[in-house]
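First comes the structure, then the notes that go with it.
The values are calculated or read from the model by the stated rules, or taken from the named source; none is laboratory data. Keep in mind it's a predicted model, so treat the numbers as computed, not measured. Every residue, glycine among them, receives a Cβ derived from its backbone with ideal geometry; neighbour counts consider all protein chains shown.
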Amino acid sequence: MPEEDYIGSTLKNLKEEILSLRFKIIFLFILLILKIYFASNIKENIAIYRIYYIFLYYIILRLIAEFVEIFILRIYNKKHGYELNHYDNFVLAVHRISLFLSHLIFFFILLDLFGLEFSKIITSISIFTATLTFMFSEYIINLISGISIMFSKKFKINQYIQVGEIKGRVINLTLLHIELMNDSGELIFVPNRFIFIKEITNISKTNRKKIKFEFLLPISLYNQIDNLEKEVKEQMLDKFKENLAENNISLDITKVNTDSALIVFNFEIDNFSYNKEQKIKKEAGKIILKFISKQKQMTNQANIKK
């Protein structure tokens with residue numbers, strides 16, 4: 001799935017909340033009609049009775065929750081002058097908390113529908129409180145941290161951040177984890193508690209980033225390393241003159257093996273974006289491959305002449 005499509009599938013703004021609300025109202029209307037025409041059938045069959053009221057209570061709960069969501073988000077959007085399709089951490093937090101609370105209440109309703117006494121369940125649970133607290137402590141910490149993150153301004157959806165050693169673009173925020181898309185296009189799930197125990201850098205806010213491009217250079221071409229650096233600098237500065245300066249490009253030799261050397265080109269760019277990073281890496285790779293291919297061809301021709 002393309003990154004843009006994935007991001008779009010995780011977001012729900014005020015406009016989508018209104019559409020969802022309309023659908024649920026229609027579904028509630030259908031359920032009420034069924035009750036009018038099939039009331040006796042529903043009461044006589046305990047299984048049908050439970051299924052019907054499971055759907056009915058769930059729809060009513062979600063309708064109430066979404067009415068509250070829409071009310072809060074309308075005030076928020078009006079206050080800040082946002083459009084209906086605006087999406088940020090606050091919108092996400094309201095939606096996640098609404099879902100969590102409505103599902104929690106629905107769980108208690110289910111207990112009642114199936115004839116389970118809530119007081120007895122609470123008494124049973126209290127006996128194992130210490131054990132449960134230990135078992136779910138990580139879950140609870142992530143939950144509290146998730147709510148804190150959503151209402152904070154440390155970072156938001158679409159920004160590029162670093163959590164400890166993990167780097168990536170924020171794709172989604174949930175009550176339990178942060179979803180990051182790394183430079184390789186892999187999806188990484190970072191537990192929310194890490195935000196408070198590890199160092200966080202919002203690279204998008206600093207608007208400046210060092211891009212590293214690693215590759216192996218054959219030892220046979222080691223004496224051409226200065227020419228390679230010059231070639232890369234000239235072509236990259238010509239291609240990305242608005243983002244790169246000569247002193248923003250450097251070459252490091254990080255490891256030397258018997259048959260190759262690990263070389264790293266560093267490109268420090270302003271006005272960072274994920275797409276810009278990908279373009280720089282792609283162009284650098286093309287220049288280096290072309291240079292190595294050309295040098296090998298020249299070596300082969302020299303050997304033939306000998």
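Candidates are the residues of region 171-198 that are under 20 Å from residue 89 (Cβ atoms), surrounded by fewer than 16 Cβ atoms within 10 Å (Cβ to Cβ) and not aliphatic (A, V, I, L, M); the one that is modelled with the highest pLDDT is 189. The set of residues from region 99-154 being modelled with pLDDT under 75 and within 28 Å of residue 67 (Cα to Cα) comprises just one member, 118. Checking each residue in region 215-247 for being surrounded by 12 or more Cβ atoms within 10 Å (Cβ to Cβ) and among the acidic types (Asp, Glu) picks out 229, 231, 234. Any residue that is touching a residue at least 40 places away in the same chain (Cβ under 8 Å), more than 30 Å from residue 146 (Cα to Cα) and outside any loop (DSSP other than H, G, I, E, B) - is there at least one of those in region 205-212? Yes, that holds for at least one residue.
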